[in-house]
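The values are calculated or read from the model by the stated rules, or taken from the named source; none is laboratory data. The shown structure was predicted, so the numbers you read here are calculated from the model rather than taken from an experiment. Glycine gets a Cβ as well: all are built from the backbone with ideal geometry, and neighbour counts include every protein chain shown. When the accessible area is computed, the model is the full protein with side chains, heavy atoms only, and any ligands, DNA or RNA have been set aside. Shrake-Rupley method; radii C 1.70, N 1.55, O 1.52, S 1.80 Å.
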Amino acid sequence: MTQEIIEAIVRLRAAVGFLGEQGPAKRWPSAFFAPSSRSFLSPLFPRTLVLSQLRGVIAAAARVHDERIGVGDVYHLFRLPEEIEQSTHQFMSMPQAEAVLASSSFDAKSASATLKQLAAKESLKTVGPARIGPTKEMDQVAVWQKVAALYGFGFRNETEVYPFFSAK
């Protein structure tokens, strides 16, 4: 998997995580990106505040996605195959990761802009769980553009959308 795709996945997680938590139609009951969380998390994670916020929102979003999609031979933005999870973790440990994450989860406007940018010109409309394709296609830029487009549609229209990949 290319560095470009790994960075896109991390940016998607930050943007979707922020909008799902702080947007008008809250999707998961957490507050890692809330202004008050900074004062709580800063003393605990002074050098990795944004990364800590993202890890927390990933766990909250994964739980909701798993409830809507199911678990087993399916994966989604917040629960990916192990080798991709390891790659995203390595990227998040790099010095430039915090700036990338902060720009994608600073506020609702920047998070929405990130989704629009990552979707490129892709435009999809659906509600609920939406199969993107097989997991073997996760290394293609086009599938992540679809994921970004679906989440963008869902947040713009205040509908729940849960893109996923299946093993077959």
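Helix-only arithmetic for the chain: the sum of -39500 (n - 2.57) across DSSP H runs with n ≥ 4, divided by the residue total, places the mean residue ellipticity at 222 nm at -18000 deg cm²/dmol. In a shell of Cβ-Cβ distance under 9 Å around S104, excluding S104 itself, what net charge do Lys and Arg (+1) and Asp and Glu (-1) give? Overall, the nearby charge balance is +2. Per atom type, the chain shows carbon and sulfur on 55% of its accessible surface, probed at 1.4 Å.
Seen from G133, the other residues with C-beta closer than 12 Å to its C-beta sum to a net charge of +2, counting Lys and Arg as +1 and Asp and Glu as -1. Gain on full extension, evaluated as 0.36 nm per residue between A142 and T159 minus their Cα-Cα distance, stands at 3.8 nm. Once you divide the Cα radius of gyration of the chain by 2.2 N^0.38 Å, the number left is 0.95. Note that region 18-168 presents 53 Å² accessible area per residue, ligands and nucleic acids not counted, probe 1.4 Å.
Surface calculation, 1.4 Å probe, protein heavy atoms: R79 sits at approximately 50 Å² accessible.
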